[in-house]
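For reference, the structure discussed in these notes is given below.
The values are calculated or read from the model by the stated rules, or taken from the named source; none is laboratory data. Quick caveat: nothing in here was measured; it's all calculated off a predicted structure. Cβ placement follows ideal geometry from the backbone for every residue including glycine, while neighbour counts extend to all protein chains displayed.
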């Protein structure tokens with residue numbers, strides 16, 4: 001090989017080495033730039049937002065949103081919230097125009113304005129701010145049985161036992177009591193005005209659904225089906241049971257048979273009856289007939 005050829009070959013090899021080094025350098029710079037760009041993107045995703053994005057302060061470095069604030073009205077989020085439909089005056093919120101309450105079982109209303117909860121007025125007397133999802137921030141009447149009660153407190157409505165809602169504007173039914181409901185508890189042992197027999201007397205259920213002391217039946221009377229009554233063929237005359245088949249009380253109190261009349265019971269009832277006679281001839285006696293054997297008017 002000639003000297004000229006060797007010199008040319010060396011020059012060619014040298015240029016190839018330089019070209020390779022330049023290629024490696026450019027590739028390293030490109031990779032480093034890409035890494036910086038990716039790192040910059042992660043830092044941006046992790047930054048806290050402002051304004052409408054105040055609820056996104058808890059975003060992760062991968063850009064996935066995680067609302068740190070509690071939800072406000074209509075699904076909004078509030079960094080200063082205390083639960084669904086509840087906000088804190090002056091704390092961050094979103095979106096603007098959302099409504100909430102300043103707390104449970106109270107009248108203060110809030111509205112999200114400029115990214116912060118501000119006062120939206122006070123509900124009128126007899127109403128509370130409703131924090132439920134469908135009515136968040138609006139006024140609703142306090143349920144009558146929950147006036148003066150606390151959230152979740154048991155109250156009564158007739159025989160129904162209920163629990164007041166968190167804002168006292170709603171109730172949840174717990175159970176239906178058998179006899180009575182008083183001060184949020186099922187109580188009692190009978191229905192008001194109910195009667196029953198107890199020994200030889202009657203008991204009546206009072207307004208508190210408890211049995212009253214026994215009232216004894218009058219002399220000779222007995223209790224049956226919650227009522228005092230005289231035995232068969234006896235009637236109550238002035239608080240005493242008497243035989244209703246006698247001449248002094250024939251079929252009724254103080255109905256007396258006179259003369260020859262006798263107290264008799266027929267299909268038509270018990271009454272004073274005259275004895276049978278053959279013909280009428282006497283007009284001065286109740287029966288108006290003559291006894292042929294004695295010749296006396298009957």
Which members of the stretch 225-236 meet the condition of being within 27 Å of residue 247 (Cβ to Cβ) and either in the same structural domain as residue 254 (by TED's automatic domain parsing) or not in a loop (DSSP other than H, G, I, E, B) (or both)? 228, 229, 234, 235, 236
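Conditions (1) over 52 Å from the mean Cα position of the chain (by Cα); (2) surrounded by 15 or more Cβ atoms within 10 Å (Cβ to Cβ); (3) more than 20 Å from residue 194 (Cα to Cα), marked per residue:
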site: 211; (1), (2), (3): no, yes, no
site: 215; (1), (2), (3): no, no, no
site: 230; (1), (2), (3): no, yes, yes
site: 266; (1), (2), (3): yes, no, yes
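Yes/no per residue for (1) within 48 Å of the chain's Cα centre (by Cα); (2) in a loop (DSSP other than H, G, I, E, B); (3) surrounded by fewer than 17 Cβ atoms within 10 Å (Cβ to Cβ):
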residue	(1), (2), (3)
208	yes, yes, yes
220	no, yes, yes
223	yes, no, no
248	no, yes, yes
253	no, yes, yes
257	no, yes, no
270	no, no, no
Which of the residues belonging to the stretch 197-206 are under 15 Å from residue 240 (Cα atoms) and in a strand (DSSP E or B)? 201
Across the stretch 132-155, what is the total count of residues that are at negative phi and in contact with a helix residue (DSSP H, G or I) (Cβ under 7 Å, 6 or more places away or on another chain)? 2
Please enumerate the residues belonging to the stretch 272-284 that are part of a strand (DSSP E or B) and at pLDDT below 85. 273, 280
Which one of the conditions (1) at pLDDT below 75; (2) closer than 29 Å to residue 195 by Cβ does residue 219 fail to meet, given that it meets all the rest? (1)
Over the stretch 144-176, the set of residues touching a residue at least 40 places away in the same chain (Cβ under 8 Å) and buried (at least 19 other Cβ atoms within 10 Å of the Cβ) is 166, 167, 168, 169
Select from the stretch 139-172 the residues that are farther than 12 Å from residue 105 by Cα and in a strand (DSSP E or B) and list them in ascending order. 154, 155, 156, 157, 160, 161, 162, 163, 171, 172
Single unsatisfied condition, residue 100 versus (1) touching a residue at least 40 places away in the same chain (Cβ under 8 Å); (2) in a strand (DSSP E or B): (1)
Within the stretch 200-235, track down each residue that is on the phi > 0 side of the Ramachandran plot and touching a residue at least 24 places away in the same chain (Cβ under 8 Å). 209, 225, 226
